[in-house]
1. Which condition breaks for residue 151 when tested against (1) surrounded by 13 or more Cβ atoms within 10 Å (Cβ to Cβ); (2) closer than 19 Å to residue 3 by Cβ; (3) modelled with pLDDT under 95?
2. Could you say whether any residue in segment 156-173 is touching a helix residue (DSSP H, G or I) at 6+ places or on another chain (Cβ under 8 Å), modelled with pLDDT of 95 or more, over 30 Å from residue 60 (Cβ atoms) and surrounded by 10 or more Cβ atoms within 10 Å (Cβ to Cβ)?
3. Taking segment 137-150 only, how many residues are under 14 Å from residue 11 (Cβ atoms) and out of contact with any helix residue (DSSP H, G or I) (no Cβ under 7 Å at 6 or more places or on another chain)?
4. Among the residues of segment 111-120, is there at least one that is exposed (fewer than 15 other Cβ atoms within 10 Å of the Cβ), modelled with pLDDT under 95 and out of contact with any strand residue (DSSP E or B) (no Cβ under 7 Å at 6 or more places or on another chain)?
5. Select, from 125, 153, the only residue that is assigned to a helix (DSSP H, G or I) and more than 17 Å from the chain's Cα centre (by Cα).
6. Does segment 105-136 hold any residues that are more than 17 Å from residue 7 (Cα to Cα) and touching a helix residue (DSSP H, G or I) at 6+ places or on another chain (Cβ under 8 Å), and which are they?
7. Got a number for residues in segment 129-145 being surrounded by fewer than 15 Cβ atoms within 10 Å (Cβ to Cβ) and in a helix (DSSP H, G or I)?
8. So residue 24 fits all but one of (1) at pLDDT below 95; (2) under 18 Å from residue 117 (Cα atoms); what number is the exception?
């Protein structure tokens, strides 16, 4: 349940984060209709798994923070690259394009944003993990199941609608 709650919580935090950014820029936060951007949830779960592994190996705090930095830089950048390509392939949309940045690596990765993911990863581990863990561990299983149910329904409806399949399953939409 812990990682499910982390996924949901950070998907919602990611949605809020991007919504704030898009108050000042053009764009929208993700493809789903609900208040979540799952790439953030997946990224933080990955980050927490690396953290957990490093804790078990008895790494120092500084080693863990360096691990978080490089996880943010490489793994989260790869996740962003993969997500961009999957969205473009399946849904024919491009939500971001870094080709206008000086240090872009293709359309979906740039050194500038990789550095931002690195800093946010360190902030997440150093400042957010411990206080949020106390709260996350208290979330009742029922709440997790209900949120996951709504998340899955959102995913299903999004895929059906975006791939123009909704007319076969829900002709009244």
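The values are calculated or read from the model by the stated rules, or taken from the named source; none is laboratory data. This is a predicted model, so every value here is computed, not measured. We place every Cβ from the backbone using ideal geometry, glycine too, and count neighbours over all the protein chains shown.
1. Only one criterion is unmet by residue 151, namely (3).
2. no
3. Total satisfying the criteria: 1.
4. No, segment 111-120 has no match at all.
5. Testing whether each residue is assigned to a helix (DSSP H, G or I) and more than 17 Å from the chain's Cα centre (by Cα) leaves just 153.
6. Listed by number, the residues that qualify are 105, 106, 107, 108, 109, 113, 114, 115, 118, 119, 122, 126.
7. Total satisfying the criteria: 9.
8. Result: residue 24 passes all but (2).
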